[in-house]
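Single-structure report; data block below.
The values are calculated or read from the model by the stated rules, or taken from the named source; none is laboratory data. From a predicted model like this one, the values you see are computed outputs, not experimental measurements. Cβ coordinates were reconstructed from backbone atoms using ideal geometry, including for glycine residues, and neighbour counts include every protein chain displayed.
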Amino acid sequence: MTDNDVLAAQASNVTKEYPGVRALAGADFEIRAGEVRALLGRNGAGKSTLIRMLSGVDVPDSGDVRIGGTPLGDGGVRRAAELGVSTVYQELSLVPWMTVAENLFLGAWPRRGGRVDYEGMRREASAVFAELDLRIDPDRMVATLSLAEQQLVEIARGVRGQPGVLILDEPTSALAVNEVEMVLDVVRRIAGRGVAVVYVSHRLDEIRQVAHSITVMRDGRTVETVPARDATTEQIVGLMLGGETSAAERPATRTIDRTRTPLLSIRDLVVPPKIESVSLDLHAGEVLGIGGLLGAGRSELLRAIAGFDPPHSGAVEVEGRRVDRPSARRMKELGVGLTPENRKAEGIVPLLGVDENMVMSDFRAVSRGPAVSPSRVRAAATALVERLSVKTARPETPITNLSGGNQQKAVIGRWLHAGSRILLLDEPTRGVDVEAKAQIYRLVRELAAAGAGVLFVSGELEELPLVCDRVVALHGGRIRAEFSGPDITLDNILAATMAVESVEH
Amino acid sequence: MTTSSQQTQPGTAASPSASPSAGTARRRRLNEIGLLAAIVLLYVVLGSTASGFLSLDNQLGMLRDAATIGIAAWGVTLVIIAGEIDISIGPAVAFSSVLVAKGATAWGLGSWGGIALTLALGLAWGALAGWLVARFTVPSFIATLGLWSVLGGLGLYLTDALPVALPDNGLFRTLGGTVLGLPTSALVMLVLFAVFAYVARYTAYGRSIYATGGNAAAARLAGINTGRVKIALFATTGLLSAITGILLAARLGSGNGGAAAGLEFDVIAAVVIGGTLLAGGRGSLLGTLLGVAFITVIANGLVLLGVDSFFQNVVRGVIIVGAVLVNVAISNRDRAVRTV
Amino acid sequence: MTTSSQQTQPGTAASPSASPSAGTARRRRLNEIGLLAAIVLLYVVLGSTASGFLSLDNQLGMLRDAATIGIAAWGVTLVIIAGEIDISIGPAVAFSSVLVAKGATAWGLGSWGGIALTLALGLAWGALAGWLVARFTVPSFIATLGLWSVLGGLGLYLTDALPVALPDNGLFRTLGGTVLGLPTSALVMLVLFAVFAYVARYTAYGRSIYATGGNAAAARLAGINTGRVKIALFATTGLLSAITGILLAARLGSGNGGAAAGLEFDVIAAVVIGGTLLAGGRGSLLGTLLGVAFITVIANGLVLLGVDSFFQNVVRGVIIVGAVLVNVAISNRDRAVRTV
Amino acid sequence: GCGTRIGEGGRFGVVYMDAQGYYAGVRKGMQDEAAEAGRSIQLLELNAQGDASRESTFVDTVSSAKVDALVLSPVSETASIPAIRLAHRSGVPVICYNTCIAEEAAQEYVTAFILGDPVEFGRLLGDAAADHFLAEGITAPKIGVVNCEQVEVCVQRRLGFEEALFAKVPDAEIVANQQGSTIDEAVNVAERILTAHPDLDAFFGQAGGATLGAIRAVQARNKVGQTVVFGGDMSTEAANALVDHSILKGNVDISGIAVGRMAAETAQRVLAGDEPEEFVLPAPIELYTTPEDGQEWLENHPDGLP
Ligand SMILES: Nc1ncnc2c1ncn2[C@@H]1O[C@H](COP(=O)(O)OP(=O)(O)OP(=O)(O)O)[C@@H](O)[C@H]1O
Ligand SMILES: Nc1ncnc2c1ncn2[C@@H]1O[C@H](COP(=O)(O)OP(=O)(O)OP(=O)(O)O)[C@@H](O)[C@H]1O
Ligand SMILES: [Mg+2]
Ligand SMILES: [Mg+2]
């Protein structure tokens, strides 16, 4: 165990440039053993880049990285690991067709007599899980785990090697409240053992729960480090934005005409295995939040409504007319648009420009006769970029050059282009920074005000009150409760999604 | 407001100052310009060293050779852009040449009937392969390997490896000969090039192909029927193979089950040399056109220089890998996408 | 506490009740059991319809035939598991047979010298291809297509397509003959199978291959040198091609630049029929062993049943696609990951 | 009946060297002969497509299945020896046609060799070509060869051709010799030869594909009347060209059907214990030069099998 006065990890005046982007511009960072340090900053502030430097994935252009006093040099991941750095990266990095145990020891499989020792590996894996109080069968294929379980396996892997520095890059962005609790618990325990923990997250309240201090990054620099306990939201957001504030506020309550035929009506929809029976109405001008634990089946519900997973039974009605066999194509024609929860894997088309990414939902609208007209594409894209305030140099810039929040706006723009009036937004703010989140809330409210109906799904239940007119809680495949107006509080939603008994009668 | 925050945001969107899309386009053009330069260089070198290279006859002959690769290459370009592959071209062309000859003679359909039958069947087996790929997620390498084996076997089986004579009439003479002094097959190639370049660039279908190859899941969620796109793509290459087979039969005066052996590799090489990503999502027909020209000129030059016909394969292998290396180098420099 | 929260947690961790890992293993075994059943069925059918099929000689002959596909297939299985492909096997085998013959005779290295030279060069060109793939991200299809063309051309060029006689000595007679009543090549195949099965399952290198194919980025972050893994893999298939070439030369008494044409497709077909995912990350050597057996038995049966040799290609194409269809169906049912 | 397995009524293993129509004639000859002899013989066939390893696999299989005879056109003089030795040692009588293995080994393992002598083949054609040039008054003809010299017989065909030609027309010159064994290859090669030598007087096509390819190239390049073709292997197309007589002036053929008949007959004699005394059984070599020859061939071969 390291002495409390020794710096567990240190980066001084580190710079890093990627083609066309200055990701780090002289960042300084220090962390001591036993400390939990949160790293905060907007999308693209350089958090992940700094972490890549600390864990040896990339070498800085200039500056110095030391682990436990020893310079890392260009020793790479292996050297960093030897020095006791263990990292859980932002993107899931498990091998799907290997067992949990093998993933836990990826690249460092225990050997006996020269051969991989599966028995020992299984034993050690069980021990690690037992210690973290996790119940995951080490023999399961990772591909059969839920996203949350996969994330927990990754964290277990990070903890396994008795690291001196544990780095967690947004470990909770895919997790629901109770699982977040498990992660925070693990972090506290690890820190208690004297491990230095670097914790990246966009969720302020969980940072307050677990971190000792917060380092804010902006434009590739570390701006300031403040004690976590005293930091106010305004202060932190101010540091992140460099002066301006744009914290999201509770929207003004609007009256929604519920006497008219709803835009979308779901009756007794059954989508095995998760959705047992769901009915709901979505009116024009309404933002309807769907609360639920991770794995409650909200994504499945949205996909079924959009026609991607055919429901087992039940009815879908659009503006009062029943849709007999909802196919993806039919639902799109009826004005339903779904933005997926996994933006990178299912949302954007990386090699294409922002313009193409938006107009791909409807080429006819930008065609002249049979031909797609470049000038119309440009016009349509420019209009959307303006309407959504997508921050991009030009409409034809490759979408991968945009920050996560702006990519998300472009994906939403895709459905505005198609003229969709019923928007199904699945985790539209996942992995998006505070400011971009506020912009997305505002955008959603504006779209609703313009007559659209929005189903809004988020794992961060605390954002539902900020954007929804009404919230239903999904649990056990059914809608268990409904809240509107001032009743939309985190406590209420949480209670409905977790403590089943209290709601059911 | 967003406007103000836009000014403050640094790295991501605003700063890659020299507009990145312009950069991409420039780099992509770099690849095409490089290829063009290489072709010009080949012309200069071969023109001064290989006797007869610059003669009109030889130039027209090269155009005709190019057609054999090119027509199928237009379709395969789109297939590869969509993230798939088609290795069935050679046997499909040979089998088509047999079909048209048999149809026009032994099966008594007449010349037009034989042609129609061949085109229809080409479309059909292509669509079948596409259906296996789209509906059952059979890897396209395997689906078209199956076609490769089946069509190659059928072409020889139906004919006992004997050439099947075509009727000697004006239609086939025209198809195998020239129109306005240009080889008919070259004309067909150029017309189809225009059609495919237009389709790829200016139709919803063409744009859907790029989206499908770039990210199939996203394309599907955006309402693009990627399954139908794939079926259409493979049906198209089936049709193009049939066209190539008909033109080849007309040129040879007979259908031959063993013809066009290894053509699939030339076609894929031309497409990839032309800068189309084997992983899908990116590529252009202009690039493929240059790739076809490059391969044709080299093949022609090697023969005229009297290079041993076996050694030509060695040269060709080195050139394919070399050209792709250059492409990879160019497009790697261009990539801002992260790897981790 | 975590314990309590875990109890309240519904779907994710606890509920997929009938342990899915058991399910996966069972399904994977299903594929292998299916293949085994198919082979047994073939034996019953052919044993009762094709005279001579069950004779000891024929069984030993099949073992020897299997070796030609099998030895290379072990290496290609690992290459495909790592997410790459190698289509150079056929020409590489032919060229190796030429090398060993030339080395042992014309180049005066003696029999052992010729063998050593061939093995060393096989390793070298494989490593070269692997280096292009690992270092320059040339797609492996292209890198090995280049090898295919270069080695195929060289083999014929060096020999003018004429066979190069091997010295007629005990060493080559043994290699081309039998040891303890079993064909030597079959023995080599079986020994190598044991080695490869062990390496794949029980060595860090073997597990690194699965990790590389399953998620290359993750493997790299875990400190696995995926570049080195790939170079080693292609070097291995180069070596295995060389071994196959030497055994083939010993069997034919000469090196032949045109031998083993199309072998690469048989090898890939065997691997894929054996259940290895063409997309990488998943597969087993046992599956490949069964795939090799399946293909060999069918080829043998078709001959003994007197099926036209061209038509055999048709049958084979249908069977490859059919087998892969079944595999895809089995593993799709099993997949928890959605494809959208 | 149900009880008998396929092939129990007697069977031959047959190897065709590559994918040429000639071998379809051989098969027909064998089947005709067997049918006339009142036997239903099953043929286990392989088209080796020029690949010695494929041939070896097949010969192993049929040897261990103990076919009644192996009738083959070996892919190679040397590379085919081990397979044939195995067949011989397995007690399967081996009969070569068209090609065979090296002399010494052949004497040991092969019962009979049905051969249309390739040198003679070339000589006949060279002679016909020489006569043509002399009749046309061309004393120094330029000749392009489209070859199939990846097989050894083709080399011998050229040697015979040159021998006969130079004997009568000493100033003749072979200006190009390139490989083009399949018709599509051959057209390309022939066209390129015409590009390099626009004043070419004649093509010598060493086999069927080469000959037809050369004819098409002359047509495509509008050299009809200037460049003529002498070639090998009859087919419906070649016969038609001969009838037309504007390009193809002479064609030499060893009838596949005749060879097949001889092979089947020899095999049955061997099985009956009546081994032929001569090792080499000469197959008839036919020279066709006139339109009438072509017409006659067409009438005798309505199904086009040579
Ligand atoms: N490998 C790379 N190639 C090119 N640009 C990169 C690469 N990695 C990061 N960048 C760029 O560097 C900048 C900083 O990115 P980084 O991932 O560190 O941000 P972050 O603070 O982690 O953001 P987020 O909150 O979205 O995870 C961004 O503009 C990003 O696009
Ligand atoms: N084994 C897996 N492999 C890949 N992705 C998975 C896997 N399991 C879950 N996911 C992804 O993670 C998401 C969340 O997982 P889960 O199935 O638990 O939630 P869900 O049913 O979508 O519920 P909700 O949307 O309410 O969180 C899924 O929608 C899916 O996209
Ligand atoms: Mg990050
Ligand atoms: Mg979800």
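For the condition touching a residue at least 60 places away in the same chain (Cβ under 8 Å) and within 26 Å of the chain's Cα centre (by Cα), A:Arg303 does not qualify. Might you check whether a residue that is surrounded by fewer than 21 Cβ atoms within 10 Å (Cβ to Cβ) and in contact with a helix residue (DSSP H, G or I) (Cβ under 6 Å, 6 or more places away or on another chain) occurs anywhere in region C:229-242? Checking region C:229-242: not a single residue is surrounded by fewer than 21 Cβ atoms within 10 Å (Cβ to Cβ) and in contact with a helix residue (DSSP H, G or I) (Cβ under 6 Å, 6 or more places away or on another chain). The conditions of being away from ligand 4 (no atom under 16 Å from the Cβ) and part of a strand (DSSP E or B) are met by A:Gly63. Residues in region A:136-156 that are closer than 15 Å to A:Thr172 by Cβ and at the interface with another protein chain (Cβ under 9 Å from one of its Cβ atoms): A:Ser146, A:Leu147, A:Ala148, A:Glu149, A:Leu152. Restricted to region A:361-376, and to residues there that are assigned to a strand (DSSP E or B) and under 16 Å from B:Ile209 (Cα atoms), the residue that is farthest from the chain's Cα centre (by Cα) is A:Ala371.
For region A:168-184, a tally of residues being surrounded by 19 or more Cβ atoms within 10 Å (Cβ to Cβ), away from ligand 1 (no atom under 16 Å from the Cβ) and not hydrophobic (A, V, I, L, M, F, W, C) returns 2.
Scanning region C:276-323 for residues that are within 13 Å of the chain's Cα centre (by Cα) and without any contact (Cβ under 8 Å) to a residue 40 or more places away in the chain returns no hits.
Tell me, please, whether a residue that is within 16 Å of ligand 4 (Cβ to nearest atom) and within 14 Å of chain C (Cβ to nearest Cβ) can be found in region A:262-271. Within region A:262-271, one or more residues are within 16 Å of ligand 4 (Cβ to nearest atom) and within 14 Å of chain C (Cβ to nearest Cβ).
Restrict the check to region A:142-151 and report whether at least one residue is modelled with pLDDT of 90 or more, in the same structural domain as A:Thr215 (by TED's automatic domain parsing) and either closer than 28 Å to A:Ala33 by Cβ or within 16 Å of ligand 3 (Cβ to nearest atom) (or both). No, region A:142-151 contains no residue that is modelled with pLDDT of 90 or more, in the same structural domain as A:Thr215 (by TED's automatic domain parsing) and either closer than 28 Å to A:Ala33 by Cβ or within 16 Å of ligand 3 (Cβ to nearest atom) (or both). For region C:321-337, the tally of residues that are touching a strand residue (DSSP E or B) at 6+ places or on another chain (Cβ under 9 Å) and modelled with pLDDT of 75 or more stands at 0. Screening region A:385-474 for helices (runs of 4 or more DSSP H) wholly inside it with 1 or more residues that are within 16 Å of ligand 3 (Cβ to nearest atom) returns the ranges A:404-417, A:434-449.
Among the residues making up region A:398-435, those that are more than 9 Å from chain B (Cβ to nearest Cβ), within 12 Å of ligand 1 (Cβ to nearest atom) and farther than 29 Å from B:Gly281 by Cα are A:Asp433, A:Val434. Filtering A:Arg66, A:Arg42 for residues that are more than 10 Å from chain C (Cβ to nearest Cβ), within 16 Å of ligand 1 (Cβ to nearest atom) and of a type in the set (D, E, K, R) leaves a single hit, A:Arg42. Exactly one residue out of A:Arg22, A:Arg52, A:Arg42 is away from ligand 4 (no atom under 16 Å from the Cβ) and part of a helix (DSSP H, G or I): that is A:Arg52.
Between a residue in region C:108-137 that is without any contact (Cβ under 8 Å) to a residue 40 or more places away in the chain and any residue that is among the β-branched types (Val, Ile, Thr), which pairs come within a Cβ distance under 8 Å, given they are 6 or more apart or on different chains? Cβ pairs passing all conditions: C:Gly114/C:Val100; C:Gly114/C:Thr105; C:Leu117/C:Val100; C:Leu132/B:Val321; C:Leu132/C:Val138; C:Phe136/B:Val328; C:Thr137/B:Val328. On the stretch given as region A:202-221, residues that are surrounded by fewer than 23 Cβ atoms within 10 Å (Cβ to Cβ) and within 26 Å of A:Asp61 (Cβ to Cβ) total 3.
Number of residues in region D:136-183 that are assigned to a helix (DSSP H, G or I) and closer than 24 Å to C:Leu162 by Cα equals 13.
Examine region A:174-196 for a residue that is under 27 Å from A:Arg298 (Cβ atoms), in the same structural domain as A:Glu30 (by TED's automatic domain parsing), within 16 Å of ligand 4 (Cβ to nearest atom) and of a type in the set (Val, Ile, Thr), and state whether such a residue exists. Checked region A:174-196: at least one residue is under 27 Å from A:Arg298 (Cβ atoms), in the same structural domain as A:Glu30 (by TED's automatic domain parsing), within 16 Å of ligand 4 (Cβ to nearest atom) and of a type in the set (Val, Ile, Thr).
The sole residue among A:Ile348, A:Ile399, A:Ile422, A:Ile412 that is over 24 Å from B:Tyr205 (Cα atoms) and at pLDDT 90 or above is A:Ile422. Scanning region A:23-56 for residues that are buried (at least 18 other Cβ atoms within 10 Å of the Cβ) and among the charged types (D, E, K, R), we see that the one that is nearest to the chain's Cα centre (by Cα) is A:Arg42. Going by the structure shown, is A:Val200 away from ligand 4 (no atom under 16 Å from the Cβ), in contact (Cβ under 8 Å) with a residue 60 or more places away in the chain, in the same structural domain as A:Leu72 (by TED's automatic domain parsing) and among the aliphatic types (A, V, I, L, M)? Yes, satisfied. For the residues A:Glu224, A:Glu234, A:Glu170, the requirement of being under 30 Å from A:Pro138 (Cα atoms) and of a type in the set (D, E, K, R) singles out A:Glu170. For region A:185-215, filtered to residues that are within 17 Å of the chain's Cα centre (by Cα) and away from ligand 1 (no atom under 14 Å from the Cβ), the residue that is nearest to the other protein chains (Cβ to nearest Cβ) is A:Glu206.
Conditions tested, residue by residue: (1) hydrophobic (A, V, I, L, M, F, W, C); (2) over 30 Å from D:Lys66 (Cβ atoms).
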position	(1), (2)
D:Ile247	yes, yes
D:Gly250	no, yes
D:Ile254	yes, yes
D:Val259	yes, no
D:Met262	yes, no
D:Pro284	no, yes
D:Thr289	no, yes
D:Asp293	no, yes
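Residue check: is A:Glu462 within 28 Å of A:Glu234 (Cβ to Cβ) and within 16 Å of ligand 1 (Cβ to nearest atom)? No.
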